[in-house]
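The values are calculated or read from the model by the stated rules, or taken from the named source; none is laboratory data. Since this is a predicted model, take the numbers as computed values, not measurements. Backbone-built Cβ (ideal geometry, glycine too); neighbour counts: all protein chains shown.
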Amino acid sequence: MTPARDRGFVPLSGMLGDPAPTPFDPLLLRSTRVLRALGVDPGRGGWHHVRYNAWVERSAWQALTPEQQHAALVHATDLGCHEPGRHVYALESAAAVWGLPRIGPWPRHVTVLATGPRTRGSRCIRVHVGAPAEPVTLAGVRVTGPARTVIDLARTCSLEYALCAADHALRHGLCTAAELDEAAVAVAPRVRGRPAARLVAALADGDSMSAGESFSRARMFQLGLPRPQLQVPLEDDDGAFGHGDFGWDGVVGEFDGRRKYAVPEGADPEAAERVLWAEKLREDRIRRRARLARWVWRDVEQEWRLVRILGEQGVHPQPRPIWLDLGHPPAA
């Protein structure tokens with residue numbers, strides 16, 4: 001599959017949001033045989049046992065993100081197979097290799113797509129029965145493509161997790177909205193999760209800049225809150241000063257993730273103070289032009305808190321949700 005960015009698709013992440021995550025490097029894996037040939041006994045400390053006879057140096061393992069650690073599990077599992085490269089990894093395992101974020105803990109098993117009677121599960125390998133897929137080889141392992149991976153997650157996982165993965169895939173150009181729609185339509189009638197797949201394809205938006213923003217939007221949809229505009233341009237008499245995460249008529253909403261207060265590594269206290277002061281000035285400028293609602297991850301997890309925070313600024317649940325009337329209708 002040719003990445004969407006090579007076909008002229010330019011995600012907003014080129015201007016806003018975090019950069020694309022670094023994929024796990026399978027060269028970090030070492031086998032027991034290789035380590036012992038070098039005179040190293042990994043069981044005596046300094047190494048993390050990933051799976052079978054695959055190890056990663058402990059300091060390197062601790063520096064990996066949760067997505068990278070699960071991707072390491074996928075690579076270690078593949079290396080430990082009698083026929084490496086035979087499996088097609090799916091669902092969370094494919095998501096981790098693609099670098100798609102997850103809401104909630106990553107599983108301790110890997111998932112492979114059933115490709116025939118030879119596909120066997122085990123204590124650490126689960127088999128997903130789904131329609132055949134044309135696999136993509138990524139970093140040496142075969143996985144379902146990004147659009148198919150997102151749609152499989154939509155069919156089998158929570159709305160917030162699937163929407164988080166879908167938004168990320170669009171934002172970083174792994175697939176296009178049209179490819180998500182096509183993958184959703186390809187789910188056969190009466191297959192479990194088909195309506196959920198169509199819903200995620202309809203709601204996905206590459207202008208969502210973080211997992212927290214995607215999680216927030218999933219909750220807003222579930223609670224019947226009005227559909228927000230994303231990445232609202234902010235401007236006053238002194239000029240433009242960035243974007244607000246969410247926007248309604250006269251209201252700006254901000255999910256307070258850590259990236260808003262990011263301080264360069266090794267920065268002194270004065271640098272941290274400057275970051276906080278700059279955010280305070282930005283908030284003052286927003287409040288001079290609109291009502292401001294701010295929330296954190298805990299507020300999204302506890303739904304009533306998000307409803308209260310937005311309600312205090314005049315954003316209330318609607319008797320009939322109209323999100324899908326405003327664009328991105330589900331594919332027929």
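Of the residues making up the range 72-95, those that are in contact (Cβ under 8 Å) with a residue 60 or more places away in the chain and either surrounded by fewer than 22 Cβ atoms within 10 Å (Cβ to Cβ) or of a type outside the set (D, E, K, R) (or both) are Val74, His75, Ala90, Leu91, Ala95.
Of everything in the range 71-101 that's β-branched (Val, Ile, Thr) and assigned to a helix (DSSP H, G or I), which residue is farthest from Thr22 (Cα to Cα)?
Filtering the range 71-101 for residues that are β-branched (Val, Ile, Thr) and assigned to a helix (DSSP H, G or I), the one farthest from Thr22 (Cα to Cα) comes out as Thr77.
Within the range 152-185, the residues that satisfy the criterion of being under 13 Å from the mean Cα position of the chain (by Cα), not in a loop (DSSP other than H, G, I, E, B) and not charged (D, E, K, R) are Leu153, Ala154, Leu159, Tyr161, Ala162, Leu163, Cys164, Ala165, Ala166, His168, Ala169, Leu170. The set of residues in the range 49-70 that are assigned to a strand (DSSP E or B) and touching a residue at least 40 places away in the same chain (Cβ under 8 Å) contains only Arg51. Within the range 141-157, the residues that satisfy the criterion of being touching a residue at least 60 places away in the same chain (Cβ under 8 Å) and touching a Gly at 6+ places or on another chain (Cβ under 8 Å) are Val141, Asp152, Thr156. For the range 134-151, a residue qualifies if it is buried (at least 24 other Cβ atoms within 10 Å of the Cβ) and assigned to a loop (DSSP other than H, G, I, E, B), and exactly one does: Thr144. Evaluated against (1) buried (at least 19 other Cβ atoms within 10 Å of the Cβ); (2) among the aliphatic types (A, V, I, L, M); (3) more than 30 Å from Asp78 (Cα to Cα), Ala154 falls short on exactly one condition, (3).
Residues that are closer than 17 Å to Ser210 by Cα and free of Cβ contacts under 8 Å to residues at least 40 places away in the same chain within the range 297-311 comprise Arg298, Asp299, Glu301, listed in sequence order. Among the residues of the range 6-48, those that are of a type in the set (A, V, I, L, M, F, W, C), modelled with pLDDT of 85 or more and either under 21 Å from the mean Cα position of the chain (by Cα) or in a loop (DSSP other than H, G, I, E, B) (or both) comprise Phe24, Leu29, Leu38, Val40.
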